[in-house]
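Peer 1: One structure is given below, represented as structure tokens, and several questions about it will come after.
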Amino acid sequence: MSSTSTPTDDPEAVFASAAELFGLLSTPIRLRIISALCHGEKNVSQLLAAIDTTQPNMSQHLSTLYRAGILGKRRDATQIYYRIESQRAATLCRAVCTQIAFELDDADDIPKDDRLMPRLR
């Protein structure tokens, strides 16, 4: 890409970046982690109290999200606190999950072309 080009000049790069982000968000537990951290940082114990999983599984997903730049972390004595680092990922997660929740509640009121999910009935 030249110095005057924009990211949209390379649609493959845009699609690859979007696919990578969607891949990171494709696991329900990661969506739950992001949702839990939208209201402020939490340590692993607080996240485990809010999300039903094992400590090793939680740590694996936190590590993946941290390495991807979606989460940030800080150490306070023996505790590690996680926070949202990528507002882009949090906004995307919130938008998609909110839309799907709305569709599940009001499935009959949403036109087919406005749906993110197929009709369940």
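The values are calculated or read from the model by the stated rules, or taken from the named source; none is laboratory data. Everything numeric in this text was worked out from a predicted model, so none of it was measured. All Cβ positions, glycine included, derive from the backbone under ideal geometry; neighbour counts span all protein chains shown. SASA here: full protein model, heavy atoms, side chains in, ligands and nucleic acids out. Shrake-Rupley method; radii C 1.70, N 1.55, O 1.52, S 1.80 Å.
Peer 1: Do we find a residue being in contact with a strand residue (DSSP E or B) (Cβ under 9 Å, 6 or more places away or on another chain) and either at pLDDT below 90 or of a type in the set (S, T, N, Q) (or both) anywhere in segment 75-94?
Peer 2: Yes, that holds for at least one residue.
Peer 1: Just need a number here: residues in segment 54-74 that are open to solvent by less than 50 Å² (accessible area, probe 1.4 Å) and touching a strand residue (DSSP E or B) at 6+ places or on another chain (Cβ under 7 Å).
Peer 2: Qualifying residue count, segment 54-74: 4.
Peer 1: Then there's this: Need the failing condition index for Ser26 against (1) loosely packed, with under 11 Cβ neighbours inside 10 Å; (2) over 15 Å from Ile70 (Cβ atoms), just the number.
Peer 2: Against the list (1) loosely packed, with under 11 Cβ neighbours inside 10 Å; (2) over 15 Å from Ile70 (Cβ atoms), Ser26 comes up short only on (2).
Peer 1: Scan segment 36-53 and report the pairs whose first residue is open to solvent by less than 80 Å² (accessible area, probe 1.4 Å) and whose second residue is β-branched (Val, Ile, Thr) and not in a helix (DSSP H, G or I), with Cβ atoms within less than 6 Å and a gap of 6+ or a chain change.
Peer 2: Leu37/Ile84
Peer 1: Another question about this same structure. Return the total of residues in segment 52-107 being farther than 18 Å from Ala18 by Cα and either of a type in the set (Gly, Ala, Ser) or not in a loop (DSSP other than H, G, I, E, B) (or both).
Peer 2: So in segment 52-107, the residues farther than 18 Å from Ala18 by Cα come out as 52-63, 72-84, 98-107.
Narrowing further to those that are either of a type in the set (Gly, Ala, Ser) or not in a loop (DSSP other than H, G, I, E, B) (or both): 55-63, 72-77, 79-84, 98-105, 107.
Total meeting the criteria: 30.
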